[in-house]
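Notes follow once the structure below has been shown.
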Amino acid sequence: MLIYVLILDDPEDQESFDKMARTYKGLMFTVARNIVKQDQDAEDAVQKALWAVARNYDTLRGKPEPVVRSYLVTAAENHAKNIYNTKKRRRERSGDSEPTGQVYHYVTDNKLAECILQLPLEYREVVLLKYFHGYTLKEIAKIQGISQSKSEKCHQKAKRILKAMYETEETYEF
């Protein structure tokens, strides 16, 4: 927090900002994480939001706690949306429209579980929603905001990939 505090001249403002940042940093991270879906991007959004708030701290000076909280959450949300949209545009320009999601590395004796965790995000979500949570493909389509035929195709492709991964001993790289 030291770098943000250096922007502020008044020691009282520095202490107040530091306390405020420590209090709401977790909430800001959670809000940003729900938008960008990755911890590193959420941390970036929080840092950018705190930097912007520090530069404009006089707008918050003396404001009641709910106003400060709302301001900080909105700042984190806006920066997270900017990061998300930037990455989305970059992905569209590069032609990589399929998000890969987070790769999980768990050591388990269940090979099928390991294979499921290695699936790309789009396929992994369909498999988990169908077999773990018990949703139908029609319900999955509504949840994900896609057509039912796309959810069916994802399901079929996920099963093909899982079968190939399960039958071979090597890991499947995407």
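The values are calculated or read from the model by the stated rules, or taken from the named source; none is laboratory data. Note that the coordinates shown come from a computational prediction; the quantities given were computed from them, not determined experimentally. Quick reminder, even Gly has a Cβ in these numbers, built from the backbone with ideal geometry, and neighbours come from all protein chains shown. To get the accessible areas, we keep the full protein, side chains included, count just its heavy atoms, and leave off ligands, DNA and RNA. Shrake-Rupley method; radii C 1.70, N 1.55, O 1.52, S 1.80 Å.
Before moving on, here are some points about what is shown:
- Gyration tensor (alpha-carbon) shape descriptor, the range 30-100, a/c threshold 1.5: prolate
- Rounded, prolate or oblate (a/c below 1.5 giving rounded, otherwise prolate when a/b exceeds b/c) for the range 13-62 by Cα gyration tensor: prolate
- Ranked order, 29, 17, 132 - accessible area, probe 1.4 Å, largest first: 132, 29, 17
- Solvent-accessible surface (1.4 Å probe) assigned to residue 48 amounts to roughly 110 Å².
- Distance between the range 7-31 and the range 36-81 - C-alpha centres, whole angstrom: 10
- Ranked by how many other beta carbons lie within 10 Å on average, peptides 61-68, 49-56 from highest: 49-56, 61-68
- Estimated vicinal HN-Hα couplings, Hz - the range 45-54 in sequence order (Karplus 6.51, -1.76, 1.60; Gly, Pro = x): 4, 5, 5, 5, 5, 5, 4, 5, 5, 4
- For the cross-link pairs 48/88; 87/159; 88/130, the ones whose C-alpha atoms lie over 24 Å apart are 87/159; 88/130.
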